[in-house]
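The values are calculated or read from the model by the stated rules, or taken from the named source; none is laboratory data. Note that the structure is a prediction, hence the values are computed from the model and not measured. Cβ sites come from the backbone with ideal geometry, for glycine too, and all protein chains shown count toward neighbours.
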Amino acid sequence: HDPRKIYSAFAEAVKHKGQPTVILFKTIKGYGLGSGEASMGAHNLKSMSKESLLAFRDHYHVPLADEEVEALPFIKPDPKSPEAAFLKRRREVLGDSLPARTVANEKLEVPTLSDFSEMLVSTEKREISTTMAFVRMLTKLVKDKNIGERVVPIIPDEARTFGMEGLFRQIGIYSPLGQLYEPADSEDLMWYREDEKGQILEEGITEAGATSSWVAAATSYANHHLTMVPFYTFYSMFGFQRVGDLIWAAADSRAKGFLMGATAGRTTLLGEGLQHEDGHGLLMAATIPTIQAYDPAFSYELAVIVQDGLRRMYQENEEIFYYITLMNENYTHPQMPKGAEEGIRKGAYLFSKGKGKSQVQLMGSGTILREVIAAAEILKKDFGIESDIWSVPGINELHKDGIDVERYNLTHKEKRVPYLTQIMEGHEGPVVISTDYIRAYGEQIRRLIPNESVTILGTDGFGRSDTREALRRFFEVDRHYIALSALRGLKEDEKAEQLIEKYKIERDKSNPLMS
């Protein structure tokens with residue numbers, strides 16, 4: 001605590017050039033607090049005795065008489081004193097008296113939705129995953145003449161798992177020293193190419209490091225007045241659960257960019273058990289105010305969401321960021337239904353309407369939407385029951401819209417209606433909401449649905465290593481459980497019993513939540 005030594009150390013550190021200098025300080029807990037000094041309870045000290053205050057005054061040469069000390073008056077140095085002059089000089093060096101955050105409000109020319117037209121049409125017989133669709137989109141973005149050089153693809157260590165190795169050859173992996181070794185795959189077409197001018201940040205197995213790189217790029221618009229467009233792609237289970245504090249810090253820093261939670265869903269990443277199977281990432285995303293979170297099922301949903309994110313963050317300059325799930329399950333993708341774009345952005349749209357008068361409303365997101373579609377077919381084929389099918393890729397966004405409307409209605413006579421409530425008007429019958437996430441995720445929108453009967457299905461419990469079909473049966477979110485829930489909602493108990501028998505649903509199986 002020798003001021004001269006501290007000053008000397010700092011002066012030497014400032015003087016030294018060419019490499020960083022570390023100053024090691026050794027201090028005493030509660031230093032300068034009199035009786036609180038070197039006490040384990042110093043951090044709990046709420047007040048100081050007169051003796052301690054007098055000792056504090058003497059130690060720091062505070063200009064107060066004995067009788068003034070207990071009043072704890074605010075002390076302002078004389079404007080002509082050395083202290084005031086020093087503070088004024090330092091404040092001038094820092095820029096001004098008030099801290100300011102200046103940002104680069106440049107409007108980037110981002111691609112339009114039509115630039116991703118190949119993602120809006122049917123894949124016909126070709127089966128792809130949403131991860132593959134994203135890689136195609138990212139490849140197009142890094143080649144874009146307007147924002148290509150601003151795009152920052154970030155991956156921890158799973159590039160090949162995500163099918164992103166094609167980018168190695170095209171734009172290279174950034175290394176300040178270039179390629180210093182011959183990689184094992186050097187004879188392959190898509191070899192591990194490092195380059196001083198590389199664009200990919202391949203961080204190795206360090207989610208904390210990769211997330212920190214993403215935060216740096218996502219806040220560059222404010223810190224360096226250069227807007228970057230970062231895409232960090234990771235195993236979704238190793239996102240919020242592992243680096244949630246860093247993601248919260250990103251929001252606190254007004255980050256802008258995309259977090260892509262790949263191999264998402266508790267039943268979609270087959271065979272990797274409880275360590276990897278994410279059933280709660282989207283719910284954790286709901287705790288962060290500036291995140292826009294989505295669980296798209298098809299490539300056209302992904303295209304709409306990413307393009308809208310580019311528009312909002314880099315044209316409208318909204319200080320938000322996106323969390324989007326990506327799946328590794330291959331299936332065919334349909335063409336975007338007419339008029340679905342607005343609903344995708346807002347979080348829900350009518351995917352298909354039943355013929356005639358529909359009796360049930362089936363909702364789903366991500367790959368479980370396909371189970372919903374299959375359940376509607378079972379209800380129609382086996383029982384003659386028509387269903388309306390709703391895709392709800394943005395349950396968190398619907399929840400936020402509900403909060404906004406409820407808050408407005410609290411203080412206004414004229415009432416607003418939540419978006420989901422509006423679009424559900426006239427669609428009667430029981431509602432079944434099914435996702436690849438715990439039930440609390442779907443529960444967020446129960447209150448917004450005007451229908452009397454609402455059933456939420458989800459994947460509460462620990463993950464398992466098995467096939468997708470077995471996992472969905474285990475967690476009770478497959479097509480048969482969805483159809484069964486619809487029949488129970490219709491109070492068609494006899495038909496429900498028939499379904500249980502036909503599809504061999506085990507009546508007394510263990511509860512996945514507790515097993």
**Request:** Would you please name the residue that is surrounded by the most Cβ atoms within 10 Å (Cβ to Cβ), looking only at residues in the stretch 95-122 that are at pLDDT below 95 and among the β-branched types (V, I, T)?
**Result:** V103
**Request:** Please find, among G458, G426, the residue that is closer than 26 Å to N396 by Cα, out of contact with any helix residue (DSSP H, G or I) (no Cβ under 6 Å at 6 or more places or on another chain) and either assigned by TED's automatic domain parsing to the domain that holds R266 or not hydrophobic (A, V, I, L, M, F, W, C) (or both).
**Result:** G426
**Asked** Among the residues of the stretch 221-242 satisfying the criterion of being surrounded by fewer than 24 Cβ atoms within 10 Å (Cβ to Cβ) and polar (S, T, N, Q), which is modelled with the highest pLDDT?
**Response** T227
**Asked** Looking at the stretch 331-374, which of its residues are more than 20 Å from Q292 (Cβ to Cβ) and of a type in the set (V, I, T)?
**Response** T332, V360, T367, I368, V372, I373
**Message:** Looking at K353 and the list (1) closer than 14 Å to S391 by Cα; (2) of a type outside the set (G, A, S); (3) buried (at least 17 other Cβ atoms within 10 Å of the Cβ), which single condition is not satisfied?
**Reply:** (3)
**Asked** Quick one: S365 ticks every box in (1) free of Cβ contacts under 8 Å to residues at least 24 places away in the same chain; (2) out of contact with any Phe, Trp or Tyr (no Cβ under 8 Å at 6 or more places or on another chain) bar one, so which box is it?
**Response** (1)
**Item:** Matching entry among S213, S129 (being hydroxyl-bearing (S, T, Y) and more than 30 Å from K107 (Cβ to Cβ))
**Value:** S129
**Asked** Would it be correct to say that E406 is in contact with a strand residue (DSSP E or B) (Cβ under 9 Å, 6 or more places away or on another chain), acidic (D, E) and surrounded by fewer than 24 Cβ atoms within 10 Å (Cβ to Cβ)?
**Response** no
**Fill in**
Checked the stretch 406-440 for anything part of a helix (DSSP H, G or I) and in contact (Cβ under 8 Å) with a residue 24 or more places away in the chain; matches are Y419, L420, T421, I423, M424, A440
**Asked** Which number in (1) at pLDDT below 95; (2) at positive phi marks the one condition that K357 misses?
**Response** (2)
**Message:** I'd like to check something: does the stretch 330-341 contain any residue that is crowded, with 23+ Cβ neighbours inside 10 Å, out of contact with any Asp or Glu (no Cβ under 6 Å at 6 or more places or on another chain) and closer than 17 Å to I433 by Cα?
**Reply:** no
**Asked** Under 9 Å by Cβ, and 6 or more places apart or on different chains, what pairs join a residue from the stretch 377-405 that is farther than 25 Å from T287 by Cα and at pLDDT below 95 with one that is among the basic types (K, R) and not in a strand (DSSP E or B)?
**Response** none
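Pick out the one residue from Q359, Q292, Q307 that is under 18 Å from I449 (Cβ atoms), crowded, with 18+ Cβ neighbours inside 10 Å and either touching a residue at least 60 places away in the same chain (Cβ under 8 Å) or under 17 Å from the mean Cα position of the chain (by Cα) (or both).
Being under 18 Å from I449 (Cβ atoms), crowded, with 18+ Cβ neighbours inside 10 Å and either touching a residue at least 60 places away in the same chain (Cβ under 8 Å) or under 17 Å from the mean Cα position of the chain (by Cα) (or both) holds for just one of Q359, Q292, Q307, which is Q359.
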**Fill in**
For K107, the lone unmet condition from (1) in a loop (DSSP other than H, G, I, E, B); (2) free of Cβ contacts under 8 Å to residues at least 60 places away in the same chain is (2)
**Prompt:** How about the stretch 181-207: which of its residues are surrounded by fewer than 13 Cβ atoms within 10 Å (Cβ to Cβ) and at pLDDT 90 or above?
**Reply:** E196, K197
**Prompt:** Does T325 satisfy being buried (at least 24 other Cβ atoms within 10 Å of the Cβ), under 24 Å from A376 (Cα atoms) and hydroxyl-bearing (S, T, Y)?
**Reply:** no
**Message:** Scan the stretch 77-88 and tell me whether some residue there is free of Cβ contacts under 8 Å to residues at least 60 places away in the same chain and either within 22 Å of the chain's Cα centre (by Cα) or under 30 Å from R370 (Cα atoms) (or both).
**Reply:** no
**Message:** Based on this model, can you work out whether E272 counts as touching a residue at least 60 places away in the same chain (Cβ under 8 Å), surrounded by 24 or more Cβ atoms within 10 Å (Cβ to Cβ) and out of contact with any helix residue (DSSP H, G or I) (no Cβ under 6 Å at 6 or more places or on another chain)?
**Reply:** no
**Item:** Matching entry among G394, G347 (being on the phi > 0 side of the Ramachandran plot, crowded, with 21+ Cβ neighbours inside 10 Å and under 25 Å from the mean Cα position of the chain (by Cα))
**Value:** G347
**Prompt:** For E149, all conditions in the list (1) over 30 Å from S49 (Cα atoms); (2) of a type in the set (D, E); (3) exposed (fewer than 13 other Cβ atoms within 10 Å of the Cβ) hold save one; what is the number of the exception?
**Reply:** (3)
